[in-house]
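Taking it in order: structure first as structure tokens, then the write-up.
No value in this document is a laboratory result; all are computed from the given coordinates. Since we're looking at a predicted model, the values are computed, not measured. We place every Cβ from the backbone using ideal geometry, glycine too, and count neighbours over all the protein chains shown.
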Amino acid sequence: MILTDHEILEGMQRGTIVIEPFDPICLGSNSYDVHLGSTLATYESSELDARKHNSIQTFDIPPEGFVLQPNTLYLGVTKEYTETHQHVPFLEGKSSVGRLGIDIHATAGKGDIGFCNYWTLEISVKLPVRIYAGMPIGQLIYFEVKGRVLNPYNRKTSAKYTERTHLPVESKMYKNKF
């Protein structure tokens, strides 16, 4: 089941959901709107290798915005830091963003119980589109789970994305054994 606005607020009061900064205006009936942070990144190479560390270059979005180009993968980040200790968070794009042809995640819309960080966004566009730091970019939806969690993400020794950072984080697939 998806949490309602009331349940999200109760989770925040209990400390099982953290959203910083929190703005009550961004709380929908069953979601919370998140915003684009001020930094984007692109990979340095035009060919990526899943078994190697692929370096990125970060840059700040200027006040006049930045035009995203098709056929380029941009890594962005949410302005909001979040923690989820008893629910499964899903990050979905806002319909207004989708109607501009902006996709905010390729495959990674689901977080894990115990995820405590900013969300890295995998941004691609269909047409050139100007974006701005602080613009609404997505919405977090929280799902209830059944049963006890034995291994929350923030305690897993194999978790690759636990270092708290407000910058986009590149793929760490190379840390997997395959």
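Normalised by the number of residues in region 21-108, what is the relative contact order in percent for Cα pairs under 8 Å and 6+ residues apart?
30
Note on the chain: Rg/Rh from Cα positions, Kirkwood definition for Rh, rounded to two decimals, is 0.97. Spacing of the modelled spin labels on Asp60 and Glu47, each 7 Å from Cα toward Cβ, amounts to 3.6 nm. Counting only DSSP H runs of at least 4 residues, each contributing -39500 (n - 2.57), and dividing by the residue count of the chain, the helix-based mean residue ellipticity at 222 nm comes to -2000 deg cm²/dmol. Counting only Cβ charges, +1 for Lys and Arg and -1 for Asp and Glu, the dipole size of the chain around its Cα centre is about 680 debye. The share of C-alpha pairs in region 74-144 whose separation exceeds 19 Å stands at 31 percent. If you model region 106-178 as an ellipsoid using its alpha carbon gyration tensor, with each semi-axis the square root of five times an eigenvalue, the axes come out at 26, 17, 12 Å, biggest first. Annotation: amide H of His87 within the under-5 Å range of Gly114, sequence separation 5 or more or interchain, hydrogens built in the peptide plane.
Here the spin labels are modelled as points 7 Å beyond Cα on the Cα-Cβ line, and at Val88 and Glu163 they lie 2.9 nm apart. For Thr165, enumerate residues with amide H under 5 Å from its amide H, sequence gap 5+ or separate chain, H modeled in the peptide plane. The list, which skips near neighbours in sequence, is Tyr118. Projected label points at Phe178 and Ile2, each 7 Å from Cα along the beta carbon direction, are separated by 3.1 nanometres. Computed on region 1-97, the Cα convex hull volume stands at 161 Å³ per residue.
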